[in-house]
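See structure below.
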Amino acid sequence: YSVDENRFGDGIALQDLINISRATITPKKASGQRFVVADTAHAEHGMLKLRSENIQAVKSSKKILNAGDVIISRLRPYLRQVAFVDECLFDEQTNVACSTEFYVLRRLDSRSIAFLTPWLLSSSVQNVLQDSVEGAHHPRFSTETLLRLRVPQSLVDNRDSISHEVEQTSRMYHGQLSMMDRLITVAEKSR
């Protein structure tokens with residue numbers, strides 16, 4: 001499938017800003033380890049909605065996530081399943097992994113790539129991804145299509161401040177989830 005190069009726009013190619021991580025964990029290698037596993041439904045509006053109930057045994061190959069990654073589902077892009085992987089999801093006992101349906105975008109250096117999250121959710125990017133899907137039953141876009149997307153120079157120039165805002169938003173979101181979980185626990189104990 002060929003996508004019109006003009007649809008990619010001006011700016012810096014995504015492939016020059018990130019690596020695609022293909023690191024996986026198998027059930028055999030994961031034996032005895034705790035994993036919080038993200039399915040595509042857990043990526044919603046830029047946030048990764050994971051909680052303790054998502055801790056499970058790894059039953060099939062999963063992609064390993066690092067704090068600071070950005071993930072995007074290659075399956076059915078119209079669902080806009082993109083999320084920033086916040087460091088608050090990790091602790092000393094728990095690893096984080098995700099479905100192999102995600103592309104895992106990993107930073108090249110110490111600078112945050114959180115700024116890519118709202119850009120990947122933007123209509124201009126989503127339209128290109130939607131127009132490039134292949135397959136009728138489980139429509140997916142290719143790695144090549146993703147890597148050829150061009151990030152506007154103005155976003156790259158402001159990446160640190162935008163990344164900071166995404167990270168703050170993520171911390172507030174996860175803080176609210178934790179607060180609601182505590183309130184639910186209190187309500188359950190008051191029977």
Exercise for the section: For the stretch 119-164, report the translational diffusion coefficient in µm²/s to the nearest whole number, using Stokes-Einstein at 4 °C, 1.567 mPa s, and a Kirkwood Rh over Cα pairs. Expected result: 108 µm²/s
Completion exercise
Within the chain, pairs of Lys residues whose Cα atoms are less than 13 angstrom apart, provided they are eight or more positions apart or on distinct chains, add up to 5
Fill in the blank from the handout: Full extension between Asp157 and Asp39 adds, at 0.36 nm per residue less the Cα distance, a length in nm of 39.3 nm
Exercise for the section: Positive end of the charge dipole of the chain (Lys, Arg +1 and Asp, Glu -1 on Cβ, about the Cα centre): tell me which of Ile162, His137, Asn127 has its Cα farthest that way. Expected result: His137
Handout entry: Compactness of the chain, expressed as Rg and Dmax over alpha-carbon positions, Å
Key = 17.4, 62
Exercise for the section: With a probe of 1.4 Å, find how much accessible area the chain has per residue, and write the answer as a whole number in Å². Expected result: 55 Å²
Handout entry: Sparse-neighbour loop sites [trypsin sites (Lys or Arg not before Pro); the stretch 88-166; at most 11 other C-beta within 10 Å; DSSP]
Key = none
Exercise for the section: Could you check how much of the accessible area of the chain is carbon and sulfur, as a whole percent, using a 1.4 Å probe? Expected result: 48 percent
Completion exercise
Low-density loop GluC sites (Glu not before Pro), the stretch 34-128, at most 15 other Cβ within 10 Å, DSSP non-H/G/I/E/B, are Glu92
Handout entry: Rounded to the nearest 20 debye, dipole of the chain from Cβ charges on Lys, Arg, Asp, Glu
Key = 760 debye
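The values are calculated or read from the model by the stated rules, or taken from the named source; none is laboratory data. Everything numeric here is computed off the predicted structure, so don't read it as measured data. Ideal geometry is used to build each Cβ from the backbone, glycine not excepted, and the neighbour counts take in all protein chains shown. For accessibility, only protein heavy atoms count, side chains too; no ligands or nucleic acids. Shrake-Rupley method; radii C 1.70, N 1.55, O 1.52, S 1.80 Å.
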